[in-house]
2 protein chains.
Amino acid sequence: MPPVPSQENATSGTAANASGRLRRNSGRPKGADSAARREEILATAAQVFSEEGYRGTSMSSVARACGLSQTGLLHHFATKDVLLGAVMEWRDAQDMALLDGLDQGVPRAWAAVERLERLVRLNTRQPGMIRLFTTLAGEATAHDHPANSWLLEHHRLAEEMIRRAFREAEEDGRLSADAPVDSLVRCLVATMDGLQMQWLSDPDYDGAAMADDFGALIRTIRERWEA
Amino acid sequence: MPPVPSQENATSGTAANASGRLRRNSGRPKGADSAARREEILATAAQVFSEEGYRGTSMSSVARACGLSQTGLLHHFATKDVLLGAVMEWRDAQDMALLDGLDQGVPRAWAAVERLERLVRLNTRQPGMIRLFTTLAGEATAHDHPANSWLLEHHRLAEEMIRRAFREAEEDGRLSADAPVDSLVRCLVATMDGLQMQWLSDPDYDGAAMADDFGALIRTIRERWEA
C-alpha cells in the first residue's frame, strides 16, 4: 500500500487544529482530494491492523505508515476507535461489492448455498481483507473490545444470507422437514471463518484447496437435506 | 487467577541475576516450590495473553499480574517468546488431560467422530483456555508470529485425530468409498474453531447450543457418508 505523500505533514496539522473537532462526527471531510486521502488512509490502516491487531497498533504507527504526522491523521480520524470503525465499514463495503459482482442475477435456495463456495474462492484473491477479519475477530471475541459489535453484526448478516437460502429451499419444497437449519447456518459461517484461519496460517494450504474443501461440506449438507 | 505472593519481589530478583541465564534453556527451575510458582505464573500469563493477545502483552504487565518484579519474572522465563511457548505447552497439556478424561476406553471410527461433540461441550467449561486459543490463533495466522508453528501443529494434531477415526470407519467397512475424507477433516476442525469464536463473542449464544449445532453437523456427515 503506497504511503500518502509526505507533504501532507506540513498542511493537515493546522487544518486538524482548526476543524478536526467539527469533523469528528460527520467522519467525511469535504472535497474529492480529502475523500481520496481518507480512502488511502483506510487502506493503509487496514493493512496495519491486519498485521498488528487493534491492540498492537498505535495511532502513531498508522500515521507513520501513511506518511502523515500524528496530528495529520487525527485530522481525519479523531481516535483509534473511530479509525477502526471506519476501517471495518470500508472492509464490509468491499465485501459487499465482491458479493454483488459474483453472479449475473441472484441465485436462490440451494444455488444460493452453493454460491458460498464461490465466495470463499473469490475471497482468496483478497488475502489482506481476510487477514484483517481474522486478526481482529480473534481479539474482538472480548465483549469490551471496540470491534465486538462489528463482529456480531458481521456474523448476523452472514447467517441471515444463508438462512434466507434455506428458507427459499423450503418454499420450493426442496428441503427436508427435519433439516436442522439453524445449526447448519451457524456451522457454515463457522467453517468459513475456521478454514480461512487455516489458509492464512498454513503456507502449504492453498486457496483453491480451501474452496474445494468447503464445497465438499456444502455438497454433504445438500445431499443429506435436499428433499 | 490469584497473584503470586508479592514477597517474591524480594527473593527472586537476586536469584535471576545469579542463575537466570543458566536456567533459560532447561526451562524448569529445580524444586517443588519453584515448580508450583512456575505453574502459577503460567496460569496468570495465560489469562493476560487471552485478554490482551501476545502482541498487546508486555513482560512488565505479566509480572505485575503475577505480583512479581520484572526481574523476578525473567528468572522463570527469559523472554516473552519463551513465556508464550511455555504457556501454549501448558495449555495443550490441559487439553490432552481433558481429552483423556472424556471416555472410559477409547472410542473408534464413527463413535470417535461423534466424540468431538462431547469435546466441544466439555471445552465450554474452560472458557479461559478457549479464549487463549482464539485470541492467539487470530494473531498467529501471520507466518512470522512466534505462535504460528504452534498453531499449525495444533491443527495438525486435531486433523490427525479425526483422520484416524475416518480410517477406522473405512477399515470397519462403514465409510462410503467416495467420502471426501480430507475435506471433511479440514472442515470439522474449522467448524470447531469458528463456533468457539461465535460462542466467545456472542453472550446470547451459549455453550450447550454450540455443542448441539456442532453435533448436528457431525450427524449430517455421518448420515451422508456412513456405509
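Cβ-Cβ distances below 6 Å connect the following pairs, each with a first residue in the stretch B:205-221 that is in the same structural domain as B:MET192 (by TED's automatic domain parsing), a second residue that is open to solvent by 20 Å² or more (accessible area, probe 1.4 Å) and outside any helix (DSSP H, G or I), and a separation of six or more residues or different chains: B:GLY207/B:THR124; B:ALA216/A:PRO180.
Return yes when A:GLU170 is closer than 30 Å to B:ALA227 by Cα, away from chain B (no Cβ under 12 Å) and in contact with a helix residue (DSSP H, G or I) (Cβ under 9 Å, 6 or more places away or on another chain) and no when it is not. Lay out the reasoning, then the answer.
On the way: closer than 30 Å to B:ALA227 by Cα: yes; away from chain B (no Cβ under 12 Å): yes; in contact with a helix residue (DSSP H, G or I) (Cβ under 9 Å, 6 or more places away or on another chain): yes.
It is true that A:GLU170 is closer than 30 Å to B:ALA227 by Cα, away from chain B (no Cβ under 12 Å) and in contact with a helix residue (DSSP H, G or I) (Cβ under 9 Å, 6 or more places away or on another chain).
The residue that is farthest from A:TRP225 (Cα to Cα), counting only those in the stretch B:196-218 that are within 8 Å of chain A (Cβ to nearest Cβ) and open to solvent by 50 Å² or more (accessible area, probe 1.4 Å), is B:PRO203. The one condition from (1) under 19 Å from the mean Cα position of the chain (by Cα); (2) touching a residue at least 24 places away in the same chain (Cβ under 8 Å) that B:ALA142 does not meet is (2). Among the residues making up the stretch A:173-195, those that are open to solvent by 10 Å² or more (accessible area, probe 1.4 Å), facing chain B (nearest Cβ under 8 Å) and touching a residue at least 40 places away in the same chain (Cβ under 8 Å) are A:MET192, A:ASP193. Regarding B:PHE214, is this residue closer than 17 Å to B:GLU114 by Cα, touching a strand residue (DSSP E or B) at 6+ places or on another chain (Cβ under 7 Å) and aromatic (Phe, Trp, Tyr)? Answer is no for this residue.
Every condition in (1) surrounded by 12 or more Cβ atoms within 10 Å (Cβ to Cβ); (2) among the charged types (D, E, K, R); (3) at pLDDT 50 or above is met by A:LYS30 except one, and the failing one is (1).
Report the residue count in the stretch A:158-183 for those that are among the hydrophobic types (A, V, I, L, M, F, W, C), more than 16 Å from the chain's Cα centre (by Cα) and within 26 Å of A:LEU136 (Cβ to Cβ).
In the first step, residues of the stretch A:158-183 are kept if they are among the hydrophobic types (A, V, I, L, M, F, W, C); the result is A:158, A:161-162, A:165-166, A:169, A:175, A:177, A:179, A:181.
Filter again for more than 16 Å from the chain's Cα centre (by Cα), leaving A:162, A:165-166, A:169, A:175, A:177, A:179, A:181.
This time we only want the ones that are within 26 Å of A:LEU136 (Cβ to Cβ), so: A:162.
Residues in the stretch A:158-183 being among the hydrophobic types (A, V, I, L, M, F, W, C), more than 16 Å from the chain's Cα centre (by Cα) and within 26 Å of A:LEU136 (Cβ to Cβ): 1 in total.
For the stretch A:53-99, a residue qualifies if it is among the basic types (Lys, Arg) and part of a loop (DSSP other than H, G, I, E, B), and exactly one does: A:ARG55.
The values are calculated or read from the model by the stated rules, or taken from the named source; none is laboratory data. Worth saying up front: this structure is predicted, and the values here are computed from it rather than measured. FYI the Cβ positions are ideal-geometry reconstructions off the backbone, even for glycines, and counts take in every protein chain you see. Just the protein is used for accessible areas: all its heavy atoms, side chains included, with ligands, DNA and RNA removed. Shrake-Rupley method; radii C 1.70, N 1.55, O 1.52, S 1.80 Å.
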